[in-house]
Amino acid sequence: MIGPHTGFNHWVRRPSGRHPDPFRLFAIAIALAAALSGCTADQPAIDGAGTITIAGATLIDGTGAPPIDDAVVIVRGDRIEHAGSRADVPVPEGGEVIDAAGRFLIPGLVDLHNHYRDGLEEWSWALQLHAGVLTVRSLGSDHGQTPAMIAEARAGNVPAPRIFTAGVGFSHPEGFPPGKLGPVTEEEAREMVRELAAGEVDLIKMWVDTFLDTRPKIGPEIRAAIADEAAQHGIPVAAHVFFENDVWQLVDAGVRFFVHGVRDQEVDDEFVTMALEKGLSFAPALGQAKTFWWVAEHPELLDDEEFRAGIQPAAFERLLDPANRAAMLESESTARRRVAYDYVTKFVRRMNEAGATITVGSDSGAGNIAYGWGTHHELETLVEDGGLTPLEALTAAGAGAAAELTDGPDFGSIAEGMAADLVLLTADPLADIRNTRQIDRVMQAGVWLERGLPEFPQPAASDDQ
């Protein structure tokens, strides 16, 4: 049974909407294109009092639509009031006008795979806000004070991205990762789902992996019971997967959202057809998968201030040691992970070419994936190793990811009526996806943020001293 330490009673204000339709992204793109073209040159002048206007930037709206040069985006309150080319959207008189000529405007980034550590939530969220990551999904590690902190963030009392949470996820009682919910019977699994539902989590998370053949997997009957009970409560399920046969079984049980991907073999045409027909989506966490050797092969990364700021000091100290980096490269587990990485990058390329939904999920907080930095690293890796174009990658962190979180999302893209979550860049991300890190300023809900890298929090003084 779920213990009182989980704190599920703290979950509040669950965003509405369940089970996005696989064709929604196409519909969103059409609707947003219509909104962007809805203004005409004959439209009367806009009253700019109380507005913020970003004028002259190249607009990349997050839906996969072609960029719009010399765009005008008008923000009133926490919403985008108008967005389009300067020919269609005149710069209003009055209000604040930002001359963004030569810059590039993208939506606030959406990251579907994060893990927050008890006591480090505000630090983690500050790093993500600095990086323009304005919507996140927390996948199954929310113990201790984290549920209460998320409730505080949702109430507007703690600066944070928009947060969707799975609470505490499911695994085998002796499985990977340890410390998760481990039901041993189907009824126990259903009761745990019911308690999560009562706590108003946004989704259910389960891990289905042997962790390099060292731990048992959660059984098919338990998985099916979890998925069925979740469906009865209208709650979607996301599954961490490794093996192709588990994806088939989970799909039969009703699961449609997956993190990571098939890593044990290459998938065939039958699998691809099934994935398209069922509307599956995958957030592959390629950047996290290669982190076991990437830092060792690229020690210059240790000089990257955003990487350094986003991981715990003890982990950074270990990476500074050349002997530790050499051990990372020489270990048997790294060799096996490289094989799995070859499979998963081929998987992502094939699924993306077939038209399946690929989304951004960095697995930030796991391994050496630094908060904030990790989202940009995932964008880069999806392009360089996963075969996505930069425009596809930005869609995967925009409208594509947003559509997985809620029906009719009002975030993840730039158009009239959408949330004013914006990132202004000084360099073109379509020319080089790494330019998403070249951030001039970040707007959250219509407010420009004070950016800066927070220091790792020092432990509180003990009352016993």
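Quick notes
- When the residues of segment 290-300 are filtered to those that are open to solvent by 20 Å² or more (accessible area, probe 1.4 Å) and assigned to a helix (DSSP H, G or I), the one that is farthest from residue 129 (Cα to Cα) is 297.
- Scanning segment 207-224 for residues that are without any contact (Cβ under 8 Å) to a residue 40 or more places away in the chain and of a type in the set (A, V, I, L, M, F, W, C) yields a total of 2.
- Qualifying position, being in contact (Cβ under 8 Å) with a residue 12 or more places away in the chain and among the small types (Gly, Ala, Ser), among 327, 289, 323: 289
- Any hit, segment 430-445, residues being within 30 Å of residue 204 (Cβ to Cβ) and in contact (Cβ under 8 Å) with a residue 24 or more places away in the chain: yes
- Identity of the residue in segment 224-235, outside any helix (DSSP H, G or I) and either on the phi > 0 side of the Ramachandran plot or among the hydrophobic types (A, V, I, L, M, F, W, C) (or both), that ends up least open to solvent (accessible area, probe 1.4 Å): 235
- Answer from 194, 190, 223 - the residue that is in contact with a helix residue (DSSP H, G or I) (Cβ under 7 Å, 6 or more places away or on another chain) and within 23 Å of residue 271 (Cα to Cα): 223
- Restricting segment 418-429 to residues that are crowded, with 22+ Cβ neighbours inside 10 Å and in a loop (DSSP other than H, G, I, E, B), the residue that is nearest to the chain's Cα centre (by Cα) is 421.
- Inclusion of residue 222 among residues that are of a type in the set (A, V, I, L, M) and closer than 20 Å to residue 242 by Cα is warranted.
- When segment 63-91 is filtered for residues that are open to solvent by less than 10 Å² (accessible area, probe 1.4 Å) and outside any strand (DSSP E or B), only 89 remains.
- Residue 272 vs. criteria modelled with pLDDT of 95 or more, β-branched (Val, Ile, Thr) and either open to solvent by 10 Å² or more (accessible area, probe 1.4 Å) or out of contact with any strand residue (DSSP E or B) (no Cβ under 7 Å at 6 or more places or on another chain) (or both): yes
- Pairs are defined by a Cβ separation below 9 Å, a sequence spacing of at least 6 or placement on different chains, a first member in segment 78-106 that is closer than 12 Å to residue 46 by Cβ, and a second member that is at pLDDT below 95 and part of a strand (DSSP E or B); the pairs so defined are 92/47; 93/47; 94/47; 95/47.
- When 188, 221 are checked against the criterion of being loosely packed, with under 15 Cβ neighbours inside 10 Å and not in a loop (DSSP other than H, G, I, E, B), 221 stands alone in meeting it.
- Scanning segment 337-373 for residues that are within 19 Å of residue 62 (Cβ to Cβ) and not in a loop (DSSP other than H, G, I, E, B) yields a total of 3.
- Selected residue [closer than 18 Å to residue 218 by Cα and out of contact with any Asp or Glu (no Cβ under 6 Å at 6 or more places or on another chain)] from 188, 152: 188
- Residue that is least open to solvent (accessible area, probe 1.4 Å) [pool: residues in segment 45-62 that are at pLDDT below 95 and at negative phi]: 48
- Restricting segment 191-211 to residues that are farther than 24 Å from residue 251 by Cβ and over 23 Å from the mean Cα position of the chain (by Cα), the residue that is surrounded by the most Cβ atoms within 10 Å (Cβ to Cβ) is 195.
- Taken over segment 349-365, residues that are open to solvent by less than 20 Å² (accessible area, probe 1.4 Å) and either acidic (Asp, Glu) or out of contact with any Lys or Arg (no Cβ under 7 Å at 6 or more places or on another chain) (or both) amount to 9.
- Residues being over 22 Å from residue 452 (Cα atoms) and part of a helix (DSSP H, G or I) - total across segment 301-327: 10
- Check on residue 252, at pLDDT 95 or above and crowded, with 16+ Cβ neighbours inside 10 Å: no
- Positions within segment 302-333 being surrounded by fewer than 19 Cβ atoms within 10 Å (Cβ to Cβ) and among the hydrophobic types (A, V, I, L, M, F, W, C), in sequence order: 302, 314, 315, 316, 320, 323, 326, 327, 329
- Total residues in segment 386-417 satisfying the condition of being surrounded by 24 or more Cβ atoms within 10 Å (Cβ to Cβ) and assigned to a helix (DSSP H, G or I): the figure is 11.
The values are calculated or read from the model by the stated rules, or taken from the named source; none is laboratory data. Since the structure is predicted, the reported quantities are computational estimates derived from the model, not experimental observations. Cβ sites come from the backbone with ideal geometry, for glycine too, and all protein chains shown count toward neighbours. Quick note on the areas: whole protein, heavy atoms, side chains included, nothing else; ligands and nucleic acids left out. Shrake-Rupley method; radii C 1.70, N 1.55, O 1.52, S 1.80 Å.
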